[in-house]
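S.K.: Here it is, the structure in full.
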Amino acid sequence: MQFTLKHLLESYKVMVPQIQRDYAQGRESEFELRKGFVTKIKQTIQENEPKLNLDFIYGYTEKAGKDVEVFIPLDGQQRLTTLWLTHWFLAPRIENKISEEAKAYLSKFTYETRVSSKRFCYNLIHQPLTIVNDITLSQQITDAPWFMASWSSDPTVLAMLNMLDTIQKEITEKSKAWENITVKEKITFDFIDIKSDEFKLTDELYIKMNSRGKPLTAFENFKAQFSTLLSSDKTDYLELKLDYEGTDITYQQYFAFKIDSKWMDLFWGYRNKLELKTDDCIYNYINFIAEFLFYKENPKTTSSEIKIDFDFLNDVFTIKKNIDFLFNSLDWLSGIEDLTTFFESLFEGLSVFDNGTRDYFYRAITNTDFDVKDKVIFYTILNYAIEFSVDSVDDELKDLTRIVRNLLFTVRQPNQIRRIEYTSNLRLTNVGDYCKFTDTIIDKKKQSKNTLFYKLLANSNFSGFAKNYVQKEMDKANFIIQNPKFKTSIQQLEEHIQIQGNTANFKLDSENFEIKIKAFLEIWSEKTPTNLIIRALLTIDDYTIQTHDNSALGSIWYFGSKNAWNRILTALTADVETPFADTLDSFLNTYLKTKGNSSTEKLETIINNYKSNSYDWFYYFIKYEPMSKNSQTLNVFTWNDDNGFNINSLGNSGNYPLHSYHLNPYLIAVNNLTGSNKNKEIYFGRFAELSCIRIKSTLDISVSNEGWEISPLGKYQIDSELIQKYKLKQDGDVFILKENSKKDKIEIAIDFINDILN
């Protein structure tokens with residue numbers, strides 16, 4: 001049951017017993033621990049972070065008089081004390097005294113470890129104190145007339161003073177923090193009364209807890225309950241037996257024998273790599289299996305409907321196929337001589353495109369870098385390994401993992417914070433769908449052991465992922481089966497960080513396919529300037545992606561930027577108006593026919609060979625490097641006219657891109673090509689305002705649908721000879737400058753600015 005400190009103190013009097021150690025989190029020697037814990041609290045109640053759960057608080061309740069019920073914490077008194085001190089610091093004060101409402105429940109917390117500790121806590125609540133921000137709380141309290149000098153010898157009191165200083169330093173927005181910690185209940189813990197009927201602690205475990213002087217861990221409590229569950233008539237395997245070294249034993253006996261021997265050795269072998277306790281790692285692994293299998297079988301359940309607790313785990317593992325998968329997975333994992341080496345071998349040349357370790361068992365037991373993608377991949381590996389009793393990595397396991405990885409990366413959506421890239425749309429509640437594919441293809445493999453996964457994929461129907469993406473993987477699998485010599489090249493292409501397994505836009509049956517892959521890898525490499533790729537691609541066609549439907553400055557289009565090509569390269573026809581596969585194939589063909597010693601030389605040649613019959617936007621983007629190589633590195637453009645002149649290069653691709661500054665790329669090109677001059681300055685636009693170039697503080701040059709817009713400032717008048725020379729047309733207070741048959745927009749603007757400056 002989840003409690004807040006306020007809820008706990010309103011329900012019970014909390015008394016830290018004499019047998020407990022002194023308050024330790026505030027000790028001088030525990031500075032890092034203290035600061036780290038208070039920082040977590042601060043982030044939760046002051047900086048709008050998600051709710052914080054402080055895990056389990058163990059103890060027991062007993063009557064103290066007719067109407068008073070006391071909670072005695074056996075584990076968690078350190079966290080409770082820190083929370084109590086935080087509440088004391090934040091509590092509203094009237095005439096330097098804590099408000100009666102806060103005092104009513106805060107006064108129900110007391111320390112019995114020493115008389116001085118108890119009296120200090122009482123006085124903190126009931127005595128007045130003027131809190132001054134620029135003096136440490138410890139000094140203010142020890143200087144108070146009610147503070148007794150003898151308390152300075154109490155380690156709990158000294159630790160509390162240290163903790164209060166840390167809280168004072170870290171938490172500054174007291175009103176907001178108080179509301180979040182009380183009204184919004186943003187800090188909770190799981191409350192366990194070990195004597196209650198709900199917890200059902202056995203006498204044996206209660207004796208064990210008291211005999212060792214410290215509480216059982218969450219896993220030890222689970223293990224005890226789990227053992228009872230395995231012999232319960234709630235299960236559907238009560239009468240069934242398992243083989244253990246040639247002897248038939250019950251599920252309960254099997255668990256008892258393995259959990260303290262071979263399975264424990266598996267987790268114990270990771271002890272030097274972990275900061276977590278071994279028990280916690282076992283508990284994490286069982287949680288992962290239970291949660292995954294639950295969602296696999298209950299696809300309509302939402303995450304808000306379940307809570308991972310003892311009851312949930314017990315419900316999952318009353319079902320035979322679930323307990324079998326848990327036991328079988330642990331048996332397989334503990335049977336591999338070196339798991340780290342196993343996973344290193346499996347993922348050699350097979351990326352999951354994150355920075356986490358390749359050891360998926362480590363990810364599972366620490367719950368780090370272990371998102372939905374990784375959980376499905378690990379489940380797939382376990383499922384295959386169990387079914388086929390593998391003890392080493394084979395090509396089939398690598399191919400299966402690759403296929404599943406590829407499909408998982410197709411479950412995506414544009415990132416709303418950065419729309420020039422995709423973000424995963426995988427959901428744990430949908431693992432049932434993803435497992436339809438993995439379970440089906442493994443089942444087909446079982447039925448025909450000698451059939452390759454690629455052949456099964458090519459010749460069967462599958463569900464679980466979007467039909468169009470499954471079909472693309474099926475087509476690729478069929479191509480590999482028909483052309484096994486291309487398998488290595490295709491898999492090399494899949495590993496490219498901008499492709500991430502999705503080769504949907506590569507025409508497998510095109511001429512020189514393998515050479516085109518090599519060309520692609522040459523072009524989209526760290527050595528090739530992004531600007532050259534953009535300009536060379538535009539010589540083929542308009543390949544750009546619309547990222548936003550509209551804005552105050554028009555629709556918004558993406559041209560590609562360094563290390564962010566995935567949104568363009570992997571978009572399917574359904575996502576864009578023009579099939580990118582045609583553009584990409586034509587582009588690679590052109591590249592292969594172009595001479596040069598490097599990708600840079602070849603792309604420059606393609607750009608230089610481009611011929612245009614008109615001054616359309618393609619012409620400007622291809623000819624002028626500054627259009628797509630400037631301080632606005634995203635290459636995201638608003639588009640406010642068909643000619644692509646009244647456009648803006650944005651510095652933001654999120655939900656509100658105009659909140660950041662923007663520049664018209666034609667202005668950027670003109671500004672760069674006219675060189676540095678103290679009498680010329682470019683001004684950014686923001687929101688619906690437009691950018692401009694200001695000349696001598698006399699006129700502004702900006703862009704409109706009609707052409708260059710020349711706006712004189714103050715009383716400045718443009719020389720009549722310049723008006724005649726450039727055929728400027730006056731429109732109200734502004735003049736319009738247009739290109740002519742001999743000079744394009746940028747060339748004519750450069751000439752005009754040079755004339756003004758000179």
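S.K.: Collect the residues in region 725-758 that are more than 20 Å from LYS715 (Cβ to Cβ) and among the aromatic types (Phe, Trp, Tyr), keeping them in residue-number order.
M.R.: If the condition is that a residue be more than 20 Å from LYS715 (Cβ to Cβ) and among the aromatic types (Phe, Trp, Tyr), then TYR726, PHE752 are the ones that fit.
S.K.: Now a separate question. Restricting region 486-537 to residues that are acidic (Asp, Glu) and more than 22 Å from LEU572 (Cβ to Cβ), which is surrounded by the most Cβ atoms within 10 Å (Cβ to Cβ)?
M.R.: GLU522
S.K.: With region 524-608 as the region, which helices (runs of 4 or more DSSP H) entirely inside it contain at least 1 residues that are among the hydroxyl-bearing types (Ser, Thr, Tyr)? So that I can check it myself, show each step before the final result.
M.R.: Working: elements: 530-538, 566-569, 580-593, 599-608.
Output list reads 530-538, 580-593, 599-608.
S.K.: Could you say whether any residue in region 66-83 is surrounded by 14 or more Cβ atoms within 10 Å (Cβ to Cβ), modelled with pLDDT of 90 or more, in a loop (DSSP other than H, G, I, E, B) and out of contact with any Pro (no Cβ under 6 Å at 6 or more places or on another chain)?
M.R.: There is no residue in region 66-83 that is surrounded by 14 or more Cβ atoms within 10 Å (Cβ to Cβ), modelled with pLDDT of 90 or more, in a loop (DSSP other than H, G, I, E, B) and out of contact with any Pro (no Cβ under 6 Å at 6 or more places or on another chain).
A quick yes/no check of all residues on (1) over 20 Å from LYS258 (Cα atoms); (2) in contact (Cβ under 8 Å) with a residue 60 or more places away in the chain:
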position	(1), (2)
ILE306	yes, no
LYS321	no, no
LEU330	no, yes
GLU337	no, no
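S.K.: Can you say whether ASP439 is outside any strand (DSSP E or B), surrounded by fewer than 15 Cβ atoms within 10 Å (Cβ to Cβ) and acidic (Asp, Glu), as far as the supplied structure shows?
M.R.: No: the conditions fail for ASP439.
S.K.: Filter region 110-147 for residues that are closer than 25 Å to GLN77 by Cα and in a loop (DSSP other than H, G, I, E, B) and give the result.
M.R.: Those that are closer than 25 Å to GLN77 by Cα and in a loop (DSSP other than H, G, I, E, B): GLU112, THR113, ARG114, GLN127, THR136, PHE147.
S.K.: Turning to a different aspect of this structure: Need pairs with beta-carbon distance below 6 Å; first residue modelled with pLDDT under 95 and within region 169-195, second in a loop (DSSP other than H, G, I, E, B) and of a type in the set (Phe, Trp, Tyr); sequence gap 6+ or separate chains.
M.R.: ILE192/PHE199
S.K.: Looking for whichever is in contact with a helix residue (DSSP H, G or I) (Cβ under 8 Å, 6 or more places away or on another chain) and of a type in the set (Asp, Glu) here; the options are ASP395, ASP439, ASP371. Which one fits?
M.R.: The match here is ASP439.
S.K.: So which pairs qualify, if the first residue must be in region 452-480 and without any contact (Cβ under 8 Å) to a residue 12 or more places away in the chain, the second must be among the small types (Gly, Ala, Ser), the Cβ gap must be under 7 Å, and the two must be at least 6 apart or on different chains?
M.R.: Nothing qualifies.
S.K.: Testing ILE308 on (1) closer than 28 Å to TRP268 by Cβ; (2) over 24 Å from the mean Cα position of the chain (by Cα); (3) not hydroxyl-bearing (Ser, Thr, Tyr), one condition comes back false. Which one is that?
M.R.: Every condition holds for ILE308 apart from (2).
S.K.: Next up: Given the criterion buried (at least 20 other Cβ atoms within 10 Å of the Cβ) and either out of contact with any Pro (no Cβ under 8 Å at 6 or more places or on another chain) or of a type in the set (Asp, Glu) (or both), identify the matching residue among ASN406, ASN450, ASN468, ASN459.
M.R.: ASN406
S.K.: Checking LEU508 against (1) part of a loop (DSSP other than H, G, I, E, B); (2) within 32 Å of the chain's Cα centre (by Cα); (3) within 21 Å of SER460 (Cβ to Cβ), which single condition isn't satisfied?
M.R.: (2)
S.K.: Which count do you get for residues in region 239-260 that are within 13 Å of LYS320 (Cα to Cα) and surrounded by fewer than 11 Cβ atoms within 10 Å (Cβ to Cβ)?
M.R.: 1
S.K.: Now a separate question. Please count how many residues of region 737-751 are among the charged types (D, E, K, R) and surrounded by 21 or more Cβ atoms within 10 Å (Cβ to Cβ). Spell out how you get there, then give the answer.
M.R.: Initial filter on region 737-751 (among the charged types (D, E, K, R)): 738-739, 742-745, 747, 751.
Subsequent filtering for residues that are surrounded by 21 or more Cβ atoms within 10 Å (Cβ to Cβ) retains 745.
The qualifying residues number 1.
S.K.: I need every pair where a residue in region 395-415 that is in contact (Cβ under 8 Å) with a residue 12 or more places away in the chain and within 12 Å of SER351 (Cα to Cα) has its Cβ under 6 Å from the Cβ of a residue that is in a loop (DSSP other than H, G, I, E, B) and not aliphatic (A, V, I, L, M), sequence separation at least 6 or different chains.
M.R.: These pairs meet every condition: ARG405/GLY501; ASN406/GLY501; PHE409/GLN500; PHE409/GLY501.
S.K.: Hey, among the residues in region 713-727 that are more than 54 Å from the chain's Cα centre (by Cα) and assigned to a loop (DSSP other than H, G, I, E, B), which one's surrounded by the fewest Cβ atoms within 10 Å (Cβ to Cβ)? Before you say what the answer is, go through the steps one by one.
M.R.: Taking region 713-727 and keeping what is more than 54 Å from the chain's Cα centre (by Cα), we get 715-727.
Narrowing further to those that are assigned to a loop (DSSP other than H, G, I, E, B): 715-719, 726-727.
Details: LYS715: 6, TYR716: 12, GLN717: 10, ILE718: 17, ASP719: 10, TYR726: 22, LYS727: 11.
Once the filter is applied, the top-ranked residue is LYS715.
The values are calculated or read from the model by the stated rules, or taken from the named source; none is laboratory data. Note that this is a predicted model, so its numbers are computed, not measured. All Cβ positions, glycine included, derive from the backbone under ideal geometry; neighbour counts span all protein chains shown.
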